Amino acid sequence: MTTTTALCALRLAAIAFIACASTSALAANAAERKFIRGGMGEGEVVFKIGKPDHEALVRGVKGQPEEKTWTYFPHSRDPQTLTILTLRAGVVARVDRKISR
């Protein structure tokens, strides 16, 4: 086997491993949504449950704290639950969990 072929095989194996690992990590993160509480920072939320499925700016006035909502759609590990986080100045101010059927 040539060096080029070996490198290609190694790259493919690495890509397959990363794809499998990231899929299981995303599934585990969805189950953590119910543990998000007010006062948590944006970085902590993203670390625990990942990036939101939808983000909307509620208020972005110059000189005032930014307010936005992050929405997480239902997931197989958190079925039928829509999670909406309201963040003010980068901190969770409100957590809404709604049953969506």
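Quick note: the coordinates plus some simple rules give every number you see, no bench work behind them. Values in this document were obtained by computation on a predicted structure and should not be read as measured data. Glycine also receives a Cβ, built like all others from the backbone with ideal geometry; neighbour counts cover every protein chain displayed.
Quick notes on this structure:
- P(r) of region 35-84 over all Cα-Cα pairs, binned every 10 Å from zero, in whole percent: 21, 51, 23, 4, 0
- Residues of region 80-101 with amide N under 18 Å of a point placed 7 Å along Cα→Cβ from Leu57: 86-91
- Applying 0.36 nm per residue to the separation of Thr86 and Glu66 and subtracting their alpha-carbon distance, the gain on full extension is 6.1 nm.
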